[in-house]
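S.K.: Before we start, here is the structure in question, set down as structure tokens.
The values are calculated or read from the model by the stated rules, or taken from the named source; none is laboratory data. A quick note: this is a predicted structure, and the numbers were derived from the prediction, not measured. A quick note on method: Cβ atoms are made from the backbone with ideal geometry, for glycine too, and the neighbour counts reach across all protein chains shown.
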Amino acid sequence: MSSLSTRHLIGIKNITEADIQLIFETADNFKELINRPIKKVPSLRDITVANIFFESSTRTRVSFELAEKRLSADTVNFAASSSSVSKGETLLDTVNNILAMKVDMVVMRHPAPGACVYLADRIPANVVNAGDGTHEHPTQALLDAFSIREQLGDLAGKKIAIIGDILHSRVALSNVFCLLKLGAKVRVCGPPTLIPKYYGDLGVEVSHDIMDTLRWCDVANVLRIQLERQDIKYFPSLREYHQYYGVTKSMLESLDKEIVVMHPGPINRGVEISSDAADSKQSIILQQVENGVAVRMAVLYLLASKG
């Protein structure tokens with residue numbers, strides 16, 4: 001298979017295992033490229049990509065922008081806070097105005113789940129979901145799985161724990177879909193108030209015991225506590241959350257094996273993970289950032305070939 005089964009990357013749920021493997025193989029080549037002295041290729045020289053972010057983002061936006069520039073694409077950056085959206089313009093009008101400027105691809109982050117599906121059904125450009133509400137964040141899941149593959153090889157049979165604020169996380173859902181398609185065993189862990197009931201129907205284990213989960217897993221992907229999305233209290237205090245669910249270096253050292261520690265960022269140090277755990281030799285957090293550029297280059301390159 002040399003092309004993706006879809007014109008858009010809306011979510012991991014909508015793509016196949018073969019699509020994921022093709023993205024990984026392409027990302028392998030791009031990772032080799034971005035570690036050379038000359039980091040650019042002319043692959044998307046005639047393509048214009050609009051980065052449309054209706055929510056603030058640093059990591060994802062910069063990663064996409066860098067991926068586009070490494071591929072020699074022309075980029076247009078659009079922030080909703082400084083646009084006509086703040087004056088009441090609709091999502092479709094905003095994007096159609098941008099497309100009138102002959103944009104070929106749209107990378108969009110939006111607070112509403114399903115916004116990217118709505119858009120993909122209505123515009124001719126390729127759409128990449130850079131995060132829609134608490135729904136999906138497909139490129140983060142791809143770079144997470146790519147990073148695990150780099151450390152442990154084939155993901156089939158590997159035990160991956162996703163720990164923390166599952167309820168508000170688009171990363172968790174995309175990771176579950178991606179890891180299961182690749183044959184991994186998945187467990188989510190956190191306070192009962194932060195794990196939606198439907199996760200039990202997704203084919204993953206659900207646990208509220210952090211130490212049991214760390215003993216079980218090969219990889220711990222620790223998620224940020226998303227206070228900005230929490231309109232009610234889901235646990236007594238941040239200090240208490242850290243006491244019961246925070247991952248620390250002493251916990252990692254007490255295990256009878258060495259596990260891989262991940263975090264999609266940004267990190268709340270001293271809340272979901274301690275600084276000494278985040279900076280330990282078991283942590284691949286910075287490798288995830290590096291891999292994000294290669295994986296996003298692969299996604300953009302493969303979607304551009306679909307026209």
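S.K.: What is the residue count in the stretch 194-213 for residues that are in contact (Cβ under 8 Å) with a residue 12 or more places away in the chain and aromatic (Phe, Trp, Tyr)?
M.R.: Going through the stretch 194-213 one residue at a time, the tally reaches 1.
S.K.: What are the pairs with Cβ atoms under 8 angstrom where one residue, in the stretch 255-276, is in contact (Cβ under 8 Å) with a residue 60 or more places away in the chain and the other, located anywhere, is assigned to a loop (DSSP other than H, G, I, E, B) and among the acidic types (Asp, Glu)? Sequence gap at least six, or different chains.
M.R.: Close Cβ pairs satisfying both conditions: Val260/Asp218; Glu272/Asp165.
S.K.: Can you name every one of the helices (runs of 4 or more DSSP H) wholly within the stretch 27-132 that holds 3 or more residues which are of a type outside the set (Phe, Trp, Tyr) and in contact with a Lys or Arg (Cβ under 7 Å, 6 or more places away or on another chain)?
M.R.: Details: elements: 59-70, 91-99, 115-120.
The qualifying helices (runs of 4 or more DSSP H) are 59-70.
S.K.: Strands (runs of 3 or more DSSP E) wholly in the stretch 144-247 with at least 1 residues that are of a type in the set (Ser, Thr, Tyr) - which ones?
M.R.: Strands (runs of 3 or more DSSP E) meeting the threshold: 205-207.
S.K.: Now for a different question. Taking only the stretch 114-134 into account, find how many residues are more than 20 Å from Leu302 (Cα to Cα) and either surrounded by 14 or more Cβ atoms within 10 Å (Cβ to Cβ) or assigned by TED's automatic domain parsing to the domain that holds Ser169 (or both). It would help to see each step written out before you state the result.
M.R.: At the first step, the residues of the stretch 114-134 found to be more than 20 Å from Leu302 (Cα to Cα) are 114-115, 118, 122, 132-134.
Imposing the further condition that a residue be either surrounded by 14 or more Cβ atoms within 10 Å (Cβ to Cβ) or assigned by TED's automatic domain parsing to the domain that holds Ser169 (or both) reduces the set to 114-115, 118, 132-134.
The total comes to 6.
S.K.: Oh, and also: Considering only residues that are in a loop (DSSP other than H, G, I, E, B) and not hydrophobic (A, V, I, L, M, F, W, C), look in the stretch 248-263 and name the one that is farthest from Ser56 (Cα to Cα).
M.R.: Taking the stretch 248-263 and keeping what is in a loop (DSSP other than H, G, I, E, B), we get 248, 254-259, 263.
When the remaining residues are screened for being not hydrophobic (A, V, I, L, M, F, W, C), the result is 248, 254, 256-258, 263.
Values: Thr248: 29, Ser254: 38, Asp256: 41, Lys257: 38, Glu258: 35, His263: 19 Å.
Across the stretch 248-263, the extreme among qualifying residues is Asp256.
S.K.: Looking at the structure I just gave you, is Arg59 modelled with pLDDT of 90 or more and in contact with a Pro (Cβ under 8 Å, 6 or more places away or on another chain)?
M.R.: Yes; evaluated as a whole, the condition is true for this residue.
S.K.: I would also like to ask the following. Only residues that are more than 16 Å from Ile210 (Cα to Cα) and either in contact with an Asp or Glu (Cβ under 8 Å, 6 or more places away or on another chain) or in a strand (DSSP E or B) (or both): list them for the stretch 264-283, please.
M.R.: The answer is Pro264, Arg269, Gln282, Ser283.
S.K.: If you go through the stretch 40-61 one residue at a time, how many are under 15 Å from Leu300 (Cβ atoms) and in contact with a helix residue (DSSP H, G or I) (Cβ under 9 Å, 6 or more places away or on another chain)?
M.R.: Quick first cut of the stretch 40-61, residues under 15 Å from Leu300 (Cβ atoms) only: 40-52, 60-61.
From the residues that got through so far, the ones that are in contact with a helix residue (DSSP H, G or I) (Cβ under 9 Å, 6 or more places away or on another chain) too are 40-41, 43-44, 47, 49-52, 60.
Counting residues in the stretch 40-61 that are under 15 Å from Leu300 (Cβ atoms) and in contact with a helix residue (DSSP H, G or I) (Cβ under 9 Å, 6 or more places away or on another chain) gives 10.
S.K.: List, please: which pairs have Cβ atoms under 9 Å, are six or more places apart or on different chains, and start with a residue in the stretch 33-59 that is under 19 Å from Asp74 (Cβ atoms) and without any contact (Cβ under 8 Å) to a residue 40 or more places away in the chain and end with one that is part of a strand (DSSP E or B) and among the charged types (D, E, K, R)?
M.R.: Arg45/Asp74; Asp46/Asp74
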